[in-house]
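Notes follow once the structure below has been shown.
The values are calculated or read from the model by the stated rules, or taken from the named source; none is laboratory data. Values in this document were obtained by computation on a predicted structure and should not be read as measured data. Cβ placement follows ideal geometry from the backbone for every residue including glycine, while neighbour counts extend to all protein chains displayed.
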Amino acid sequence: MEGALVCMNVEVDCMNNRMPRKLSRRAFLGSTGKLALGVAAALSGTTGLFYYGAKTHKNEAEAEQRPGNIALLGSYEELSALTAMKMIHYEAEHVDAWYKKPLRGFVYVTTDAAGQILIISSACSHLGCTVEPATDAQRKKTKDLVLICPCHGAEFGKYGDTVSAFVNRGLDTYEPIIAGGGVYFDVMQPIQRNLTME
Ligand code: FES
């Protein structure tokens with residue numbers, strides 16, 4: 001059912017890490033990987049190496065040789081076929097020049113109106129609490145509601161867009177990185193949405 005939420009077993013909560021955006025959309029390595037080649041060469045550090053590697057890797061085992069800030073979400077075949085939002089847990093590392101810190105959290109994944117994989121942050125765009133699937137009773141009260149924040153009640157739709165006046169910004173997203181038949185994302189590069197005019 002479109003707009004409904006499909007949840008996996010919830011074992012741990014999200015870390016709500018909100019880190020600065022560093023990559024442009026052009027850094028996204030699509031399934032064809034062709035556009036990314038020039039951009040990847042310009043990227044520095046281990047993340048850049050992964051993007052380049054993803055372009056050239058031929059199988060999933062090789063794609064697994066990735067920097068800690070790149071998290072695996074699942075197979076491209078499965079995720080590109082999603083018609084409803086799915087909660088997917090990940091494990092990664094916060095990596096900077098000084099230290100590495102383990103990260104565990106989850107994102108919501110679906111496909112957008114154009115059929116492209118959409119990775120949505122679970123951190124509320126108000127103050128960062130973890131948004132949750134709305135209950136049936138909550139969904140009856142607000143049109144198009146799919147996710148709700150337990151802290152102050154911000155409400156979001158099937159693409160992580162805001163569906164109430166409480167917040168004027170939808171949930172952050174992440175660029176999907178497609179390599180070796182898998183879908184990955186950089187946990188350190190959430191993409192902030194534009195403000196909506198209320
Ligand atoms: S932190 Fe989500 S509504 Fe305030």
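Name the one entry in Gly115, Gly105 that is of a type outside the set (Phe, Trp, Tyr) and under 15 Å from the mean Cα position of the chain (by Cα).
Every option except Gly105 fails the conditions.
Could you figure out which of (1) modelled with pLDDT of 95 or more; (2) away from the ligand (no atom under 13 Å from the Cβ); (3) over 17 Å from Lys86 (Cα atoms); (4) not aliphatic (A, V, I, L, M) isn't true of Asp136?
Here Asp136 meets the rest and fails (3).
Quick check on segment 162-179: of everything there that is within 15 Å of the ligand (Cβ to nearest atom), of a type outside the set (Ser, Thr, Tyr) and within 24 Å of Leu73 (Cβ to Cβ), which residue is surrounded by the most Cβ atoms within 10 Å (Cβ to Cβ)?
Among residues in segment 162-179 that are within 15 Å of the ligand (Cβ to nearest atom), of a type outside the set (Ser, Thr, Tyr) and within 24 Å of Leu73 (Cβ to Cβ), the one surrounded by the most Cβ atoms within 10 Å (Cβ to Cβ) is Leu171.
Out of segment 78-97, which residues are of a type in the set (D, E, K, R) and in contact (Cβ under 8 Å) with a residue 12 or more places away in the chain?
Within segment 78-97, Lys86, Glu91, Glu93 meet the criteria.
Out of Gly115, Gly153, I need the residue that is within 11 Å of the ligand (Cβ to nearest atom), touching a residue at least 12 places away in the same chain (Cβ under 8 Å), at positive phi and assigned by the TED database to the domain that holds Tyr90. Which one?
Only one candidate passes the filter, namely Gly153.
Is it true that Val131 is buried (at least 16 other Cβ atoms within 10 Å of the Cβ), in contact (Cβ under 8 Å) with a residue 40 or more places away in the chain and of a type in the set (A, V, I, L, M)?
Yes: the conditions hold for Val131.
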